[in-house]
Amino acid sequence: MFWNKKIETLNNKDLQELQLKRLKKTFAQVQHVDFYKKRLAEAGLKASSIKTLDDITKIPFTKKQDLRDGYPFGFFAVPLKKIVRIHTTSGTTGKPTVVGYTRKDLDTWSDLIARNMTMVGITEDDVFQNMVNYGMFTGGLGFHYGAEKVGMTVIPSATGNTKRQIEMINDFGVTTIHCTPSYAMHLSEVAEEMGTNLDSLKTGLFGAEPWSESVRKTLERRLGVTAYDSYGLSELFGPGVAFECKERDGLHIWHDAYLVEIIDPRTGEQVGDGERGELVVTPLVKEAMPLLRYRTGDVTMLMEDGCLCRRGQKIARITGRSDDMLVIRGINVFPSQIEHVLLKIPEVGNQFMVYVDRVNHLDEMTVEVEINREHFSGELADLTNLQKKVVKELRDALELRTTVKLVEPGSLPRFEGKSKRVIDRREAI
Ligand code: DLL
């Protein structure tokens, strides 16, 4: 099933022509961003340097840190009055990364999501419960408007209150749910405890964090859904960048909207089809915040085999990150952000350890931090207020609940070489 048959079935030649036209347009648009103007001039690149799609390799990469350095609006290519919405995502330290959208961007974005949903057979007859955060996270509003565009009946239930979510699924005859795979696992357990088997459900759209085939099988069995992997990131609008089709063997990426490369993260060189590397994307249809060769940090590969359902090379399920970013309950966390928070609290030191576990299918993060000698009376019991303060500061900065354990000065491991402050104990996927 197609949402936009013409564009979804373009032959290779027409697609490449369209991509080149859009790449040239994007190259012109970024001239409105000081960062790019300077970068491209330094690299000796002008509009005439882009003659073929391969010329993209001449362009320097854009990294998350570059976006952070442009905080808050340094990457907007249009005046603020043209920006109708802002979302944010975690930066590597204190400040988030800001993404902006024009009215046209919001329309393009919801169109891409409508394509994904239509591809897996969702129609206006479906009832959709959107169980993700509706705030600054792009998953909530992104899916919401895509689903409305398809014409589904949308229930903006957001997160939390799992029993109520289950009641709504049953009462409203929900056919399609969207959430993180870990929340779906939790939902399935609570449904089991409540003795309900969620008969109306047919389709589960899961993403925003890595998950495995074994989780897919469990979710399909427990929830009675067909489960699809959905991938995206805020810098490229949000969800809707790549999505599984009914074959469920790799994710379709919309090549008219995203120019894809896979590189070796150490050398920056492109790798061949079927070889894993870091996904680098040049969005071709963004107005407010065009980007060139954006390094996603996500590890995948371009698949060698085509698909039965439509043209276009697919990418494999994301298997990891090429940097140290953690994805905890769908929220991105950099160890440097944690350090940044702790360093601002004088009573605790810069010695900390982070443990990530999966408890009842949900990610849990524990931060152990040493108290500074001058603030330590010898009694850990006196420190409840300090412990609460650290929890609050971390929650405010990361938008994530963590468990904090204060430990005695000198008790955490010291590192001679590269420090290893994060121990991820979640089962490997
Ligand atoms: O997570 C957008 C999204 C919302 C995608 C809802 C799917 C569903 P960010 O918060 O900017 O955006 O986080 C993006 O999350 O670079 C990946 O590391 C990770 N990620 C997202 N989807 C997947 C997935 C949204 N399906 C970062 N598999 C990305 C693995 C994923 N990792």
Revision key, fill the gap. Amide H neighbours of D298 at under 5 Å, excluding residues fewer than 5 places away on the same chain, with H built from the backbone geometry, are L279, S322
Study note, to complete from the structure: Whole-Hz Karplus couplings 3J(HN,Hα) for the stretch 224-230, θ = phi - 60° and coefficients 6.51, -1.76, 1.60, Gly and Pro as x, run x, 10, 8, 9, 10, 8, 10
Review point. Assuming R0 = 25 Å, what is the FRET efficiency of K344 and E408, from their Cβ-Cβ distance, to the nearest 0.05?
Key: 0.70
Review point. In nm, what is the difference between 0.36 nm times the number of residues separating N372 and N197 and their Cα-Cα distance?
Key: 57.8 nm
Study note, to complete from the structure: Residues whose built amide H sits under 5 Å from the amide H of R317, excluding neighbours closer than 5 in sequence, are G250, L251
Practice item. Write down the percent of antiparallel bridges among all DSSP beta bridges whose residues are both part of the stretch 326-424, to the nearest 5. Key: 60 percent
Exercise for review: Starting with the highest mean, order 41-47, 111-117, 329-335, 150-156 by the number of other Cβ atoms within 10 Å, averaged over the residues of each peptide.
Suggested key: 111-117, 329-335, 150-156, 41-47
Check your understanding: In terms of Cα to Cα distance under 26 Å, which lysines are near enough to K217, apart from those fewer than 8 places away along the same chain?
Key -> K163, K202, K246, K314
Check your understanding: Setting aside same-chain residues fewer than 8 positions from K81, which lysines have a Cα under 30 Å from its Cα?
Key -> K21, K24, K25, K37, K38, K46, K63, K64, K95, K104, K149, K286
Exercise for review: Could you run the Karplus curve 6.51 cos²θ - 1.76 cosθ + 1.60 with θ = phi - 60° over the stretch 356-372 and give me ³J(HN,Hα) per residue in whole Hz, x for Gly and Pro?
Suggested key: 10, 10, 10, 10, 6, 6, 10, 6, 10, 10, 10, 10, 9, 9, 7, 7, 5
Review point. Per residue, how many Å² of accessible area does the stretch 178-334 show with a 1.4 Å probe?
Key: 34 Å²
**Study point:** Accessible solvent surface per residue of the stretch 1-70, calculated while the other protein chains remain in place, 1.4 angstrom probe, Å²
**Key:** 62 Å²
Review point. Once you wrap a convex hull around the alpha carbon atoms of the stretch 326-424, what is its projected area averaged over all directions, in nm²?
Key: 6.5 nm²
Review point. Cα extents of the stretch 237-387 along the three principal axes, largest first, in whole Å?
Key: 67, 35, 30
Point to revise | Ordering of 347-355, 405-413 by burial proxy (mean other Cβ atoms within 10 Å per residue, highest first) | key: 347-355, 405-413
Check your understanding: So what does the Cα-only Debye profile of the chain read at q = 0.08, 0.09 Å⁻¹, as log10 I(q)/I(0), no solvent term?
Key -> -0.48, -0.60
Review point. Mind ordering 252-263, 304-315 by average Cβ neighbours within 10 Å, highest first?
Key: 252-263, 304-315
**Study point:** DSSP-defined beta bridges in the chain - what % are antiparallel, rounded to 5
**Key:** 65 percent
Point to revise | Portion, in percent, of the accessible area of the stretch 192-263 that falls on carbon or sulfur, probe 1.4 Å | key: 43 percent
Point to revise | Net charge of Cβ neighbours under 10 Å - reference V407; Lys, Arg +1; Asp, Glu -1 | key: -2
Point to revise | Gap separating the Cα centres of the stretch 232-255 and the stretch 2-54, nearest whole Å | key: 20 Å
Review point. Could you give me the ³J(HN,Hα) list for the stretch 130-136, computed from phi with Karplus coefficients 6.51, -1.76, 1.60 and θ = phi - 60°, whole Hz, x at Gly and Pro?
Key: 9, 9, 10, 4, 9, x, 5
Review point. Taking the Cα centre of each part, how many Å lie between the stretch 313-362 and the stretch 274-309?
Key: 23 Å
Practice item. First compute the accessible area of the stretch 1-80 with a 1.4 Å probe, then give the percent of it belonging to carbon and sulfur atoms. Key: 54 percent
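The values are calculated or read from the model by the stated rules, or taken from the named source; none is laboratory data. Small disclaimer: the values here were computed from a predicted structure and weren't measured. Reconstructed Cβ throughout: ideal geometry from the backbone, glycine too, with neighbour counts over all protein chains shown. Ligands, DNA and RNA are stripped out before the accessible areas are found, and what is left, the full protein with its side chains, is counted by its heavy atoms. Shrake-Rupley method; radii C 1.70, N 1.55, O 1.52, S 1.80 Å.
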